[in-house]
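Okay, so here's the structure we're looking at.
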Amino acid sequence: MAEAAICAGCRAYFGYPITPQNEILEYMAARMPAVSGAFIQAESEVAAINMCYGASAAGVRTMTSSSSPGISLKMEGISYLAGADLPCVIINVARGGPGLGNIAPAQGDYFQATKGGGHGDYRMIVLGPATIAEAIELVMLAFDLADKYRVPVMILSDGMLGQMMEPVVLPEPIDPTSLPAKPWALTGARGRHPNVVTSYAIDPADLNRINAQRQSRYHRIEKKEVRYRETETSDATIIVVAYGTVARIARTTVKMARSQGIKLGLVQPITLWPFPYAALRVLSSRVNTILTVEMSAGQMVEDVRLAVGDRAETPFYGELGGLVPTPKDILREVKRNVS
Amino acid sequence: MSANTDNMVKVFERPRCLTDAQFSYCPGCHHGLVTQIIAHTIDELGIQERAIAVAPVGCSVTMYEWFRCDGIQAAHGRACAVATGIKRVNPDLIVFTYQGDGDLAAIGTAESIHAANRGENITVIFINNQIYGMTGGQMAPTTLIGQRATSCPDGRNAQLAGYPIRFAEMIAQLEAPVYVTRQALYDQKRIMAASRAIRKAFQCQVEGKGYSLVEILTNCPTNWRMSPVETNSHLMNEVVRVFPLGDIVDRG
């Protein structure tokens, strides 16, 4: 993921050590100077995200990464990034919570990521990779979307992806100087009016107008940027909805179920915001049951139920505390819900 | 009369780096004076096209509207981290923060100390008026012992709230800062000295020497409940006894 960020033209990284994402920080410490980029091990997660705020305002592709407790600390800065319309990529290698929890893979940060963990009316694009190859692809996409819409973008991965090794093909590196210019960036007011980056608007009418414009940008994102992957859904009678590591595990469950004659399909939301409501709504009229599986007490399932309504059964299966379900665990839940 | 002005020599004018926007400061407040000194400094050094103003949360939150240079508003206390991010990706820019005592020495203590410790090549203007101005006069980390504030109505009690923080002396313990000084504005002599200090701090950055901090003892007539003249006497007679004036580090 760190090398993918370099390939995407990221030239500023600020982070703080936290398990299980120290590898990104350590990789960037060695790699960023080699591409003449900025790297700082910050004094805190709060400082790191605010360094991102500054570097992004100066027009450079910028990233930070952390794990759940650290992401909580970054939420202030994420709200400011959103409020000042600044692009930035944030990787969350999520772990067990709440509080210090543990360092095992978990998906308990879905609400925080997709429903606005920071204050105010804002949205953040959230991408959920299931494999390292997907993570690389989505990191590249994250930088493009962040710049295109001037929003923070989060890669919501987990401790499994953060600690995994698998062979991948890296993309062609982008030359940062070839990226579209950012006329709003703070580069020095030379031959132009001064640029200002702020989230502050004391007059309610002003803030109302600014927020309304931002919301219309969010609506464009909802229309254009929904991404998801369907596996074996065309003849399915039951569907599992899962993202990230759980989606990868569920792919095996689909094969096992099919070999036993169960018509199981899988929907993997890739954009967790914007969520693929429409796709699930369409599927819900064709199947009996849509089973949501998460490594949480049930967070994404609320979005699934919003999409499905009462058109299909919407049971939930979750593991807590950093336990990872096996393909057999998911198959057991599928069978329980097949009438 | 108008015919005569053609022959006059202009000896004083609004700094080019200041816009026409009206300050939002209370009458008699020193903030406007510091703003004007910074603007003059930017003019004198010819750095307007490279300058980036990092505004804090506090009375100077809309500072970017007054300077005719690029500007950014930082979250409360985070100005030094934001300045760090800007300066690291574009070292040609001249980046300065302007922060009050609550912003720099309370909620932003970590960011302020670590930017100094890394020796970031930025200029920090620290406005120490011993009170939270914008929020209505609460106790600041710099509030004097016995000084009344809305959140210490009987006066600051050291046993409950500790002692006024001497931030300049604190960071003077670090290896990296090149120029750390404390100044005041209560008379003309002090204003001239403060102007020289601010100019020197910016000069350090222009020459690539590293981190500098100018702490300025300022007033708050509104929340101190004093006339501006009384605030100057208070600064001269009381405040400087707790916060001594002068250069503390000068490696510039």
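The values are calculated or read from the model by the stated rules, or taken from the named source; none is laboratory data. The shown structure was predicted, so the numbers you read here are calculated from the model rather than taken from an experiment. For neighbour counting, all protein chains shown are included, and Cβ atoms are generated from backbone atoms with ideal geometry for every residue, glycine included.
Scan the stretch B:77-100 for residues that are touching a helix residue (DSSP H, G or I) at 6+ places or on another chain (Cβ under 8 Å) and closer than 25 Å to residue B:28 by Cβ and jot them down. Selection gives B:96, B:97, B:98, B:99. Within the stretch A:172-190, the set of residues being out of contact with any strand residue (DSSP E or B) (no Cβ under 9 Å at 6 or more places or on another chain) and either facing chain B (nearest Cβ under 8 Å) or in a strand (DSSP E or B) (or both) comprises just one member, A:190. With the structure loaded, tell me whether residue B:123 is within 19 Å of residue B:185 (Cβ to Cβ) and of a type outside the set (D, E, K, R) or whether it fails that test. Here the answer is yes, as residue B:123 does meet what is asked. When the stretch A:321-339 is filtered for residues that are touching a residue at least 40 places away in the same chain (Cβ under 8 Å) and either more than 16 Å from residue A:254 (Cβ to Cβ) or touching a strand residue (DSSP E or B) at 6+ places or on another chain (Cβ under 8 Å) (or both), the ones remaining, listed by number, are A:321, A:322, A:323, A:324, A:325, A:330, A:333, A:334, A:337, A:338, A:339. Within the stretch B:67-96, the residues that satisfy the criterion of being facing chain A (nearest Cβ under 7 Å) and either at positive phi or assigned to a strand (DSSP E or B) (or both) are B:70, B:71, B:72, B:73. Within the option set A:160, A:164, being in a helix (DSSP H, G or I), assigned by TED's automatic domain parsing to the domain that holds residue A:21 and over 30 Å from residue B:17 (Cβ atoms) holds for one residue only, A:160.
Tallying residues that are more than 8 Å from every other protein chain (Cβ to nearest Cβ) and within 25 Å of residue A:103 (Cα to Cα) within the stretch A:13-38 yields 17. Residues that are among the small types (Gly, Ala, Ser) and within 7 Å of another protein chain (Cβ to nearest Cβ) within the stretch A:47-65 comprise A:47, A:54, A:55, A:57, A:58, listed in sequence order. Apart from one condition, residue A:302 fits all of (1) touching a residue at least 12 places away in the same chain (Cβ under 8 Å); (2) surrounded by fewer than 22 Cβ atoms within 10 Å (Cβ to Cβ); the exception is (1). Pull up the stretch A:165-182, narrow it to residues that are exposed (fewer than 15 other Cβ atoms within 10 Å of the Cβ) and of a type in the set (A, V, I, L, M), then point me to the one that is nearest to residue A:97 (Cα to Cα). Of everything passing the filter in the stretch A:165-182, A:165 is nearest to residue A:97 (Cα to Cα).
Counting only residues that are crowded, with 24+ Cβ neighbours inside 10 Å, polar (S, T, N, Q) and outside any loop (DSSP other than H, G, I, E, B), the stretch B:123-156 holds 2 of them. Total residues in the stretch A:259-283 satisfying the condition of being crowded, with 22+ Cβ neighbours inside 10 Å and small (Gly, Ala, Ser): the figure is 1.
Filtered by the rule that a residue be part of a helix (DSSP H, G or I) and crowded, with 23+ Cβ neighbours inside 10 Å, the stretch B:203-222 gives a lone residue, B:205. Within the stretch B:113-140, restricting attention to residues that are more than 10 Å from chain A (Cβ to nearest Cβ) and among the small types (Gly, Ala, Ser), which residue is farthest from residue B:56 (Cα to Cα)? Looking at residues that are more than 10 Å from chain A (Cβ to nearest Cβ) and among the small types (Gly, Ala, Ser), I get B:119.
The strands (runs of 3 or more DSSP E) found entirely in the stretch A:24-108 that carry 3 or more residues being crowded, with 21+ Cβ neighbours inside 10 Å and among the hydroxyl-bearing types (Ser, Thr, Tyr) are A:62-66.
In the set (1) in contact (Cβ under 8 Å) with a residue 60 or more places away in the chain; (2) of a type outside the set (Gly, Ala, Ser); (3) not in a loop (DSSP other than H, G, I, E, B), the condition left unmet by residue B:241 is number (1).
Scanning the stretch A:220-258 for residues that are among the hydrophobic types (A, V, I, L, M, F, W, C), surrounded by fewer than 18 Cβ atoms within 10 Å (Cβ to Cβ) and within 30 Å of residue A:124 (Cα to Cα) turns up just one, A:226.
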